[in-house]
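Single-structure report; data block below.
The values are calculated or read from the model by the stated rules, or taken from the named source; none is laboratory data. Keep in mind it's a predicted model, so treat the numbers as computed, not measured. Cβ placement follows ideal geometry from the backbone for every residue including glycine, while neighbour counts extend to all protein chains displayed.
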Amino acid sequence: MKRMILFAVTTLLLAPPAVLRAVDVLKPNLLIINIDDLGYGDIGPFGSTLNRTPNLDRMAAEGRRLTTFYAAPVCSPSRAALMTGCYPKRVLPIPHVLFPGNDVGLAPSEITVAESLKSVGYVTGIVGKWHLGDQPEFLPTRQGFDRWFGLPYSNDMGPAADGIKSNFGDPLPAMSKNPQPPLPLMRGETVLQRVLAEDQTQLVTRYTEEALRFMQAHKDERFFLYLAHSAVHFPLYPGERFRGKSANGLYGDWVEEVDWSVGEVLNALRGHGLAEKTLVIFTSDNGGTARAVNRPLRGNKGSTWEGGVRVPAIAWWPGKVLAGTSSDAICGMFDVLPTFAALGGAKVPGDRKIDGADIRSVLMGDADVPGPHEVFYYYRGLELEAVRDNEWKLVLSNAGGNGRSKAGVKAGDSARLFNLKTDIGESTDVASQHPEIVDRLEKLVAKMKDDLGTSGLAPGCRPLGKVNNPQLLIGHDGKVRPGFEPKSDPSVKEK
């Protein structure tokens with residue numbers, strides 16, 4: 001027995017750094033910081049010279065940039081992938097995003113990353129935007145989260161009169177013929193208030209303070225925290241301390257405020273002695289809009305060009321993630337559940353298909369460790385628009401969406417082939433030079449036809465959650481939905 005123990009100890013001492021970093025990493029705290037509509041090139045670690053992001057610069061210097069991290073073209077699908085470990089079309093088969101009062105949402109039968117971690121003793125919290133359904137059955141409190149403070153959907157989903165359809169300082173636009181209901185700020189299943197323009201300027205600060213309170217309260221427990229900022233989604237409402245301070249207008253102000261928030265969170269972890277016990281992943285829910293910078297990628301939010309779906313991402317875990325490194329392994333939102341489950345000692349659901357994979361080796365191995373994915377499918381809503389196999393990306397002839405005319409892909413065009421290793425900006429179609437590669441990728445498309453399909457619903461799509469008689473959280477008359485009114489219990493009041 002002693003010889004066996006000595007052999008094991010000797011093996012660990014002689015093991016390469018990638019193996020040593022994997023020792024005793026079970027059950028860390030797990031934290032995701034998800035920004036809304038942040039562009040690939042909007043932060044210093046990914047090349048920004050417009051926006052000052054010293055805290056993200058430090059995070060990258062102490063961690064690893066994930067340069068090929070995929071989300072979805074828009075927010076609801078991206079968040080569905082993050083929560084379930086699946087391609088969005090599998091678990092949230094909708095054409096676009098969810099809106100206030102929709103009768104559908106992420107099905108309660110789906111097992112979220114929060115539910116997986118909760119099953120092995122983690123305390124779970126979400127601060128910020130949910131956007132996977134606003135009916136009671138679909139709220140995060142019914143999907144594995146112990147606590148929630150934030151918005152049920154995007155910060156632009158409200159009436160123009162409340163400042164929800166215009167940036168800070170801009171005149172209010174004309175009233176719509178079909179106005180949206182007031183935007184609610186929630187704590188758990190209680191509507192705290194109707195969000196107005198001034199409230200939008202405080203969102204980053206309030207979310208950050210809430211995240212810090214959560215970590216303080218649970219610093220002696222294992223926790224999973226999902227910090228989902230509403231910034232930098234339109235309308236732009238940077239806080240007073242940051243407004244007018246950047247060289248990039250309101251947008252840059254809000255990017256810089258988000259950077260401040262990241263610094264507060266990481267400093268709190270250091271202050272609690274939790275830095276070496278916590279994995280933090282910073283990312284964006286989709287590519288940036290036209291006001292963002294996605295360079296050197298092509299396209300914007302809403303498209304399946306790289307600029308619409310490839311997002312900035314940084315992994316930080318002092319002592320486990322090699323500092324100052326970068327990985328170009330294909331990975332993305334759908335890898336969060338299997339990876340976090342593996343780290344937390346939870347089981348990945350075995351009774352359903354999971355598309356993501358455990359990417360611990362990508363996060364904590366040597367920088368050149370290949371990832372588990374060679375193939376990635378690009379869906380925009382229910383439509384398959386492209387497929388990637390290693391460095392090769394085939395853009396199908398039906399590809400459209402935001403930026404379509406600029407991209408030059410029109411209905412009836414032949415499929416186009418790009419080498420993302422040599423042409424990250426998807427500028428040169430090389431299909432005619434590589435017909436054998438086009439053929440190989442077209443076979444991958446055909447392989448998906450019996451699963452998630454190429455258009456519309458398909459056998460691999462799981463049912464949406466659906467309710468009868470959906471109701472608004474705040475009606476057009478300003479009245480809160482019965483059962484969601486502020487309660488007298490101090491535990492649900494704002495602090």
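Do we have E62 as free of Cβ contacts under 8 Å to residues at least 60 places away in the same chain and within 26 Å of R213 (Cα to Cα) here? Before you say what the answer is, go through the steps one by one.
Details: free of Cβ contacts under 8 Å to residues at least 60 places away in the same chain: no; within 26 Å of R213 (Cα to Cα): yes.
No; evaluated as a whole, the condition is false for this residue.
Given the structure, is R270 crowded, with 23+ Cβ neighbours inside 10 Å and among the basic types (K, R)? Working first, answer last.
Details: crowded, with 23+ Cβ neighbours inside 10 Å: no; among the basic types (K, R): yes.
No; evaluated as a whole, the condition is false for this residue.
Here is a yes/no grid of residues against (1) modelled with pLDDT under 95; (2) in a strand (DSSP E or B); (3) surrounded by fewer than 19 Cβ atoms within 10 Å (Cβ to Cβ):
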site	(1), (2), (3)
G169	no, no, yes
T208	no, no, no
E221	no, no, yes
L227	no, yes, no
S230	no, no, no
Y237	no, no, no
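Inside region 175-196, can you point out the residues that are closer than 17 Å to H476 by Cβ and assigned to a loop (DSSP other than H, G, I, E, B)? Please lay out each step first, then the result.
Of the residues in region 175-196, the ones closer than 17 Å to H476 by Cβ are 175-184, 191, 193-196.
Correct list: M175, S176, K177, N178, P179, Q180, P181, P182, L183, V195, L196.
Given G460, G401, G475, G456, which one is modelled with pLDDT of 95 or more and touching a helix residue (DSSP H, G or I) at 6+ places or on another chain (Cβ under 8 Å)?
Working: G401 fails: modelled with pLDDT of 95 or more; G475 fails: touching a helix residue (DSSP H, G or I) at 6+ places or on another chain (Cβ under 8 Å); G456 fails: touching a helix residue (DSSP H, G or I) at 6+ places or on another chain (Cβ under 8 Å).
Matching residue, one of G460, G401, G475, G456: G460.
Answer yes or no as to whether G287 is over 25 Å from I126 (Cβ atoms), within 16 Å of the chain's Cα centre (by Cα), touching a residue at least 40 places away in the same chain (Cβ under 8 Å) and surrounded by 24 or more Cβ atoms within 10 Å (Cβ to Cβ). Steps first, please.
On the way: over 25 Å from I126 (Cβ atoms): no; within 16 Å of the chain's Cα centre (by Cα): yes; touching a residue at least 40 places away in the same chain (Cβ under 8 Å): yes; surrounded by 24 or more Cβ atoms within 10 Å (Cβ to Cβ): yes.
No: the conditions fail for G287.
May I ask you to list the residues in region 39-52 that are of a type outside the set (A, V, I, L, M, F, W, C) and buried (at least 24 other Cβ atoms within 10 Å of the Cβ)? Write out each step before concluding.
Within region 39-52, the subset of a type outside the set (A, V, I, L, M, F, W, C) is 39-42, 44-45, 47-49, 51-52.
G39, Y40, D42, N51 - these are the residues of region 39-52 that are of a type outside the set (A, V, I, L, M, F, W, C) and buried (at least 24 other Cβ atoms within 10 Å of the Cβ).
What number of residues within region 325-356 satisfy the criterion of being in contact (Cβ under 8 Å) with a residue 24 or more places away in the chain and closer than 15 Å to G85 by Cβ? Reasoning before the result, please.
Of the residues in region 325-356, the ones in contact (Cβ under 8 Å) with a residue 24 or more places away in the chain are 325-341, 343-349, 352-356.
Okay, now just the ones that are also closer than 15 Å to G85 by Cβ, so 331-341, 343-344, 346-349, 352-356.
Residues in region 325-356 being in contact (Cβ under 8 Å) with a residue 24 or more places away in the chain and closer than 15 Å to G85 by Cβ: 22 in total.
Among the numbered criteria (1) under 28 Å from T112 (Cβ atoms); (2) surrounded by fewer than 17 Cβ atoms within 10 Å (Cβ to Cβ), which one does F138 miss?
Checking F138 against (1) under 28 Å from T112 (Cβ atoms); (2) surrounded by fewer than 17 Cβ atoms within 10 Å (Cβ to Cβ), the one that fails is (2).
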